[in-house]
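Here's the structure, in structure tokens; my notes come after.
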Amino acid sequence: MKYALLFLFSFLFISCQKDKPLTPQEKILGVWSAVDTTTSIYYRYQYGDSRGFEFFQDNIFEDKFGFHSDERYLRDTVNDDYYVRDRYYSYFGTMSKYNLSNDSLKLFNPATEEWDMYKIEKFTPDTLIIVTDTKHKRGGTFVKKNYRLDTIPDFDALFFSSSPCLGSCPTINLFITKNGDVWYNGEHDVKNKGLYKSKISKEKFERIQENFKRSNYMNLKESYFAMSADLQTVFIYFIKDDKIIKTIEDHGDGSPNEFVWAYYPLEFIDQELVLKPVQIPENVAKEFNIDPNNGDITLFLYHRRAFELLKLLSDTENFKN
């Protein structure tokens, strides 16, 4: 009888714990994806309905598009010819801090060093509707996302290439390996032009990989296209066991939100790295018919050819080591 009562008490205790409503601080944890477009014309054009946030413990959050400063861009437009302009946005990463209390949400923007204020209109475990009381800030309806990553394959390396656009889109070629080796070539509208090598941590590569796995990248289409012709196109190759296992072309952020979130920070990765200029070996320069003393060595290379160059440099470096 004693054990039966103990079991009943334990069962009731667990049931009560399960039925206990989540606090706002518990409900907001996780990934939230926009399901509508903002009423701001500027943000509808730039982001559409691809916006997203991820909230962590200790009042840390991630804006999936990161934080940027327009200061350099706006200053240079005065004397810079539209068709030859070459500017870049200062990048402040994707992580910052937030504060949640009652029906208000505050997100700190490190680019402006100001708090963006949002009013919570609806908040359930799977739906978050926020409106803004500050001009041009982003509100909207967001839904909670959950991911199963155990069946999504890992990759050993990643190649990323981005094209120019009508605005100031970073134009780069990037090759990253699971060992943390980074080969970067900046072409247009970037802070660092030319060819460089760098290093990222194991944790950073795993985070990049997890972000792409959240998009279920192996089951995505090979190409996505937006309606406008003046937007940027990106090309991404996934490499496993020295073979390309998947290629995806995305024009104008037409792919699913998670995929855009995964590759967007890569365009600004040079601003987070310690870069070391790379001297092209003579045999490699000859094979690709490039001047090793030219800082913009991959300026006229198609993305497939740029991939072959960066991978060859990576293989050659690994062979020497």
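The values are calculated or read from the model by the stated rules, or taken from the named source; none is laboratory data. From a predicted model like this one, the values you see are computed outputs, not experimental measurements. Ideal geometry is used to build each Cβ from the backbone, glycine not excepted, and the neighbour counts take in all protein chains shown. Please note that ligands, DNA and RNA were not included when accessible areas were found on the heavy atoms of the full protein model with its side chains. Shrake-Rupley method; radii C 1.70, N 1.55, O 1.52, S 1.80 Å.
What residues qualify as long-range amide H neighbours of Thr127, i.e. H under 5 Å apart, gap of 5 or more or another chain, H built at 1.01 Å from N?
Under 5 Å from the amide H of Thr127: Lys144.
Please state, to two decimals, what the Cα-based radius of gyration of region 176-241 comes to when divided by 2.2 N^0.38 Å (N = residues). Mind showing how you got there, number by number?
Working: Rg = 14.6 Å, N = 66, 2.2 N^0.38 = 10.8 Å.
This ratio for region 176-241 stands at 1.35.
In a shell of Cβ-Cβ distance under 12 Å around Leu273, excluding Leu273 itself, what net charge do Lys and Arg (+1) and Asp and Glu (-1) give?
Numbers: positive: Lys191, Lys197, Lys199, Lys204, Lys276; negative: Asp181, Asp270, Glu272.
Result for the local shell: +2.
Per residue of region 140-148, what does 6.51 cos²θ - 1.76 cosθ + 1.60 with θ = phi - 60° give for ³J(HN,Hα)? Whole Hz please, x for Gly and Pro, Karplus curve as stated.
Residue by residue, region 140-148 yields x, 9, 10, 10, 6, 10, 10, 10, 10 Hz.
Can you pull the accessible area of Trp183 for me, 1.4 Å probe, Å² to the nearest 10?
About 10 Å², ignoring ligands and nucleic acids.
Using only the heavy atoms of the protein chains and a 1.4 Å probe, how would Asp181, Asp291 rank by accessible area, largest first? Working shown, then result.
Working: Asp181 15, Asp291 85 Å².
Largest to smallest exposure gives the sequence Asp291, Asp181.
What does the convex hull of the alpha-carbon atoms of region 165-321 project to on average, in nm²? Numbers along the way, then the final one.
Values: hull surface 37.5 nm².
Mean projected area of the Cα convex hull: 9.4 nm².
May I ask for the equivalent-ellipsoid semi-axes of region 104-257, computed as the square root of five times each C-alpha gyration tensor eigenvalue and listed largest first in whole Å?
Details: eigenvalues 184, 92, 62 Å².
Three semi-axes, in Å: 30, 22, 18.
Can you put Leu22, Leu29 in order of accessible area, largest first, using a 1.4 Å probe?
Details: Leu22 95, Leu29 45 Å².
Final ranking, largest accessible area leading: Leu22, Leu29.
Using just the alpha carbons, could you tell me how many Å³ per residue the convex hull of region 112-181 encloses? Could you put the intermediate results ahead of the total?
Numbers: hull volume 14.4 nm³, N = 70.
Measuring per residue, one finds 206 Å³ for the Cα hull of region 112-181.
Rank these by accessible area, largest first, 1.4 Å probe: Thr23, Thr127, Thr151. Before the final figure, lay out the partial values.
Numbers: Thr23 60, Thr127 30, Thr151 105 Å².
Ranked from most to least accessible, the order is Thr151, Thr23, Thr127.
Would you grab the residues whose amide H sits under 5 Å from the one on Lys240? Only those 5+ places off in sequence or on another chain, please, with H modelled 1.01 Å from N.
Asp156, Ile245
Would you please classify the overall shape of region 161-214 from the alpha carbon gyration tensor, given that a ≥ b ≥ c denote the square roots of the eigenvalues, rounded means a/c under 1.5, and beyond that prolate means a/b larger than b/c while oblate covers the rest?
Details: a/c = 3.08, a/b = 1.57, b/c = 1.96.
It comes out oblate by the Cα gyration axes.
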